[in-house]
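Values quoted throughout were computed directly from the atomic coordinates according to the rules given, and no laboratory measurement underlies them. Computed from a predicted structure; not experimentally measured. Note that each Cβ is placed from the backbone with ideal geometry, even for glycine, and that neighbours are counted across all protein chains shown.
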Amino acid sequence: MDDKNSTDMKIGVSVPVIELVNLCKSYHVGDMDVPILKSIDLKVMPGEFVAIMGPSGSGKSTLMNMIGCLDRPNCGQIVLMGRDVDTLSDPELAKLRGLEIGFVFQNFNLVPRLTTLQNIELPTYANKKPGVDSRKKAEELVEMVGLKERMNYKPSEMSGGQQQRVAIARALINDPSLILADEPTGNLDSVTGDEIMKIFSDLHKKGRTIVMITHDPDLTEYADRIVYLKDGVIDNN
Ligand SMILES: Nc1ncnc2c1ncn2[C@@H]1O[C@H](COP(=O)(O)OP(=O)(O)O)[C@@H](O)[C@H]1O
Ligand SMILES: [Mg+2]
C-alpha cells in the first residue's frame, strides 16, 4: 500500500479510488448512436478487489477504458483518487494514467523487441515517481513474479503465462493506486490462469486495489465484490 493511502487510513479518511456517477457512453455507428453504457454508478474503495462480469458485448471493456482514462464518456462523472478527470488537461490525464493506474490486458501487450526487464521498466520512461530507482524496482518485481531467470528473454521466448506475469510486473512499476485488468486470464489455460489469479490475490492481500473484468465465474471467488453489467447498466439482482 502506498504512503498516501496508509496516511489516509490512519486519520480515518478514505477517499474512493474510483467514483463513477451516472456514467454513459454511446458509439456512433453509421448515423445511429448506439448506447453501450447507460447510467453507471460505481464506487471502489482503497484495498477492494472488484470483479466485473457480464455477457460478451455488454460494455465491460468500454467501462474499463473509461475508468482507465483511455476514452471519455458522453455524460456523467469519473472521479479517480478524488480527482474529477474531466477537469484535467491532457498532460495531467496522461500523468494520472501513467502513475496511478496499472493496466493488464488479455493479450499481454508487451513490446516484442524489449526484454522482460525492459518491458517492466517501460512505463517509467514516460512517467516516473521522483526518487525511485526504476531499474532496482524492476529487478524486485521480476523476482516477485518469479521470472528472475528470464529477465533478459524477449516475449516470444516465453509462454503466455510468463508474458502475463511480465505485464503484471509492468503494471506495478510506478506503484499505482489502482490495477485494472481486462480478462487477464482470457488467453491462458486454466492451470496457468489460476497461477495468474494467485498473483492478483496476493497483491490484494498486500492492500492493492484491483478491478478485474472476467467472464469466468470461477475466478470471481478471489474478489470481494462482483459487479454484473447487463444491457448497459449494473444489474446485481
Ligand atoms: N469503437 C467502437 N465503435 C463502435 N462500437 C464499439 C466500439 N467499441 C466497442 N463497441 C461496441 O460496444 C459494445 C461493447 O463492447 P465491449 O465494451 O468491448 O464489450 P465487452 O468487453 O463486454 O465484451 C459491443 O457491441 C461493441 O461492438
Ligand atoms: Mg471486453
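Computed values, structure above
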read-out	value
0 to 90° range, to nearest 10: angle between helix 160-172 axis and the chain longest Cα axis	80
Per-residue HN-Hα couplings for segment 70-76 [Karplus 6.51, -1.76, 1.60; θ = phi - 60°; Hz; x = Gly/Pro]	8, 8, 9, x, 8, 7, x
Footprinting exposure proxy for LEU88, LEU42 (fewest neighbouring C-beta atoms within 10 Å first)	LEU88, LEU42
Which of VAL34, CYS24, LEU70, positive extreme of dipole for the chain (C-beta unit charges)	LEU70
Selected from MET212, MET32, MET81 as most flexible by GNM, with the chain as the system and alpha-carbon contacts under 10 Å	MET32
TYR153 versus ALA94: modelled label distance in nm, points set 7 Å from Cα along the beta carbon direction	3.3
Selected from TYR27, TYR153, TYR222 as most flexible by GNM, with the chain as the system and alpha-carbon contacts under 10 Å	TYR27
Residue-wise HN-Hα coupling along segment 128-145, computed from phi with Karplus coefficients 6.51, -1.76, 1.60 (Hz; x: Gly, Pro)	8, 6, x, x, 9, 7, 4, 4, 4, 4, 4, 5, 5, 5, 5, 6, 4, 8
Helix-only [θ]222 nm of the chain, DSSP H runs n ≥ 4, -39500 (n - 2.57) each, per residue, nearest 500	-9500 deg cm²/dmol
Rounded FRET efficiency, nearest 0.05, which uses the C-beta distance separating ASP224 from VAL191 and R0 of 25 Å	0.55
Amide H contacts of LEU110 (H built 1.01 Å from N, under 5 Å, at least 5 apart or other chain)	none
Residue-count net charge about GLU48 - beta-carbon cut-off 13 Å; Lys, Arg +1, Asp, Glu -1	+2
Long pairs among LYS43/LYS206; LYS148/LYS206; LYS148/LYS230; LYS129/LYS230; LYS25/LYS95; LYS43/LYS205, criterion Cα-Cα beyond 30 Å	LYS148/LYS230; LYS129/LYS230
Calculated FRET value between ASP175 and ASP41, using beta carbons and R₀ = 30 Å, to 0.05	0.60
Interchain or long-range residues, amide H under 5 Å from PHE49's placed H	ILE210, ASP224, ARG225
Full-stretch length increase - LEU122, GLU139 - with 0.36 nm per residue and alpha-carbon distance subtracted	4.8 nm
Under 5 Å, built H, 5+ apart or other chain: amide partners of CYS75	CYS24
Exposed trypsin sites (Lys or Arg not before Pro) absent - longest run of the chain, DSSP non-H/G/I/E/B, at most 12 other C-beta within 10 Å	1-112
